[in-house]
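Heads up: the structure comes next, in structure tokens.
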């Protein structure tokens, strides 16, 4: 096998997030590079870009500022868990209500 992963510039990944799915279908991991706190767009843009890359399913990310990247990743993961828990509770509540005895 020639390669196990692709190292892809973040601009290319942001322009074509489906590249991650294509690489995964080919059995390759995707590593994005390089996220920096001091990018001209400011911290809000950096935060948003990291979230887009995580949503796309990247396997790893090169960064010059791991502290910021980890904070964003941890917040992103917590939000996903919270949304998943909300969906699970909603479905469970629906099943319970539908199966309640004596409902018309």
Selection over segment 21-53 where residues are on the phi < 0 side of the Ramachandran plot, at pLDDT 95 or above, assigned to a loop (DSSP other than H, G, I, E, B) and surrounded by fewer than 16 Cβ atoms within 10 Å (Cβ to Cβ) yields a count of 1
Just name the residue that is surrounded by the most Cβ atoms within 10 Å (Cβ to Cβ) out of those in segment 64-80 that are under 11 Å from residue 35 (Cα atoms) and touching a helix residue (DSSP H, G or I) at 6+ places or on another chain (Cβ under 8 Å).
-> 69
Every listed condition ((1) surrounded by fewer than 15 Cβ atoms within 10 Å (Cβ to Cβ); (2) at pLDDT 95 or above; (3) in contact with a strand residue (DSSP E or B) (Cβ under 8 Å, 6 or more places away or on another chain)) holds for residue 18 save (3)
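In this structure, is residue 11 part of a helix (DSSP H, G or I), more than 23 Å from residue 74 (Cβ to Cβ) and touching a strand residue (DSSP E or B) at 6+ places or on another chain (Cβ under 7 Å)?
The answer is no for residue 11.
The values are calculated or read from the model by the stated rules, or taken from the named source; none is laboratory data. Predicted model, so just to flag it, every value in this text is computed and none were measured. A quick note on method: Cβ atoms are made from the backbone with ideal geometry, for glycine too, and the neighbour counts reach across all protein chains shown.
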